[in-house]
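Q: This is the structure I want to talk about, given as structure tokens.
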Amino acid sequence: MNTTLKTLSDKLDETYPKLVQLDTYWHGQQPAAFLAPTSREALGDRLKVLAVNFPRLAVTALAERLQITGFRTDGPDAEPDDELWRQWRRNGMEDASAQAHVDALVYGRSFVIVWADKSGNPVVTVESPRQVAVLRDPATRQVTAALKRWIVNGKGHAVLYEPDKITRLVSDANVVDPAAMPSTSWSTSETIRNPLGVVPVVPVVNRGRLLDVDGASEMADVLDLADALNKLVADMMVTSEFYARPRRWATGLEIAEDDEGNPVKPFSAALDDVWQSEAPETKFGQFDPARLDGYADAAALLTQQIGALTGLPPHYLGLHGDQPASADAIRSAEASLVARAYALHRTFGTAWADVARLMLAVSDGSDPAVLDVETVWANPETRTPAQAADAAAKLAGIGVPLSVVLADTLGMSPAQIDRVRQARRGDALDAAGVDLKSIAS
């Protein structure tokens, strides 16, 4: 255990600084590293943080299209499992799964832990990679161990998850900084048997390659471009402050001095004052102000590159000014973004199916390795209510079952579908004049 604990603890320590850096970009609080020291000194505290937060937009634009609506447990043609969905909602996973998607897109990965409460019901929690790390079998890439660390009341706490047991630990020394947790010197406070036979920690990995099992941030490709764009915007703001205002000049004036010999401004800066001089040789003029067009053109170029790398459509980035002219134009502009969302349905869907298998194993003691679970997603494409209703009506008209139309076309959850069914059943009984109470009596 000590070797596994140290390996996982060292992995958390190694990855923590990079995750913190990604977090600053998510919040738009990255340091203005592009400013030269002389420029930083000249600006002082007048331009502390200025960020055009396209990295965050790259994440949220995808995350808002990743909505889980249910799970199928009896094959792809079966109806979503109502009981599993109730357990899912009981754990608050409609919102927590969205948070897991955001963290996976920001950091490259997030984690989900499944266990049981005192009543034997599944408990599901979403975890950050700043607190959780896993080890995988290099041959099968299956998770062989996991560690969660955190600080409470000045002490480090950890839980080591293994296929056969779960171990709770407390640090021997006081800990303040989560980035400086001990890799050894832990005391075991509790060890319990793991009846699931597998590590109950599921990684949700974004864009994982064959040998990059920890994934990659969706923001990684545009961090440098975001810094360049922020520099341009900062330069533009400085130029507008110091050089874009018209500067006037006057010659042939005798400079007056006060009693102490200091020069006195000959004219007021008030907008309604008129400058005048009685000396015939006096001349007035104005320097041309600096133009900001070049900054706007360069910013547009960088924004286009960000759009190309992230798949964000032009109307998300504010390019070209106007919205697309039609619904077909919107779908065409969002084709790359929607394709990315469908790809994430496959990769994230596999992880959420593993979570559902663990929930079923906790509920009824079944073997999670033999359960067949499929994740059901809402349609990620942009559709107006009229378009969605029209598509649903056409599918129903050619004989597609109502439950399939409601789930796949309108994106309804199992609870919503059940409510529609009950309402239709009630309408049919009302139309037939059937009184269920009289029949029951």
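The values are calculated or read from the model by the stated rules, or taken from the named source; none is laboratory data. Quick caveat: nothing in here was measured; it's all calculated off a predicted structure. In this analysis, Cβ positions are derived from the backbone assuming ideal geometry, glycine residues included, and neighbour counts consider all displayed protein chains. With ligands, DNA and RNA removed, areas are computed over all heavy atoms of the protein, side chains included. Shrake-Rupley method; radii C 1.70, N 1.55, O 1.52, S 1.80 Å.
Q: Peptides 353-362, 274-283, 6-15, 179-188: what's the order by average Cβ count within 10 Å, highest mean first?
A: 353-362, 6-15, 179-188, 274-283
Q: How long is the gain from Arg141 to Val170 if the chain were fully straight, where each residue apart is worth 0.36 nm and the alpha carbon distance is subtracted?
A: Answer, rounded to one decimal: 7.5 nm.
Q: With each label point set 7 Å from Cα along the Cα-Cβ vector, what nm distance links Ala327 and Gln29?
A: 4.3
Q: Excluding ligands, DNA and RNA, what is the solvent-accessible area per residue of the stretch 269-394 at a probe of 1.4 Å, expressed in Å²?
A: Result: 58 Å² of accessible area for each residue.
Q: I need the calculated FRET efficiency for the pair Arg89 and Asp367, taking r as the beta carbon distance and R₀ as 22 Å, to the nearest 0.05.
A: Computed FRET efficiency for Arg89 and Asp367 comes out at 0.30.
Q: Please report the base-10 log of the normalised intensity I(q)/I(0) for the stretch 269-310, using a Debye sum with one equal scatterer per alpha carbon and no solvent, at each q in 0.17, 0.26, 0.33 (1/Å).
A: Values returned for q = 0.17, 0.26, 0.33 Å⁻¹ are -0.69, -0.96, -1.07.
Q: Given 0.36 nm per residue, what is the gain on full extension from Thr188 to Ala388 after removing their alpha carbon distance, in nm?
A: The Thr188-Ala388 span can extend by a further 66.4 nm.
Q: Over the chain, what percent of the accessible surface lies on carbon and sulfur atoms, probe 1.4 Å?
A: The computed percentage sits at 52.
Q: For the stretch 148-168 and the stretch 100-133, what is the centre-to-centre distance using only Cα atoms, to the nearest Å?
A: After rounding, the separation between the Cα centres reads 14 Å.
Q: Per residue of the stretch 165-175, in order, report the coupling 6.51 cos²θ - 1.76 cosθ + 1.60 (Karplus, θ = phi - 60°) as ³J(HN,Hα) in whole Hz, putting x for Gly and Pro.
A: Here the 3J(HN,Hα) series is 7, 10, 10, 9, 9, 10, 5, 6, 9, 6, 10 Hz.
Q: Round to the nearest 0.05 the FRET efficiency obtained for Ser336 and Thr38 when R0 = 25 Å and r is the Cβ-Cβ distance.
A: For Ser336 and Thr38, the calculated efficiency is 0.05.
Q: At 1.4 Å probe radius, can you tell me the per residue accessible area of the stretch 136-194 in Å²?
A: Result: 54 Å² per residue.
Q: Could you pull the Rg and Dmax for the stretch 199-357, using just the Cα atoms, both in Å?
A: 28.9, 93
Q: When 1/r is averaged over all different Cα pairs and the result inverted, which Kirkwood radius in Å belongs to the chain?
A: 27.0
Q: Another one. Can you show me the helix-derived [θ] at 222 nm for the chain, built from DSSP H runs with n ≥ 4 at -39,500 (n - 2.57) apiece and divided by the number of residues, rounded to the nearest 500.
A: So the calculated ellipticity at 222 nm is -13500 deg cm²/dmol.
Q: Let me ask you something else. Suppose R0 equals 30 Å. What FRET efficiency, 1/(1 + (r/R0)^6) with r the Cβ-Cβ distance, do Ser240 and Asn262 give to the nearest 0.05?
A: Once the sixth-power term is evaluated, E becomes 0.45.
Q: How about Lys265: which lysines have a C-alpha closer than 17 Å to its C-alpha, ignoring those fewer than 8 places off in the same chain?
A: Result set, ordered by chain and number: Lys283.
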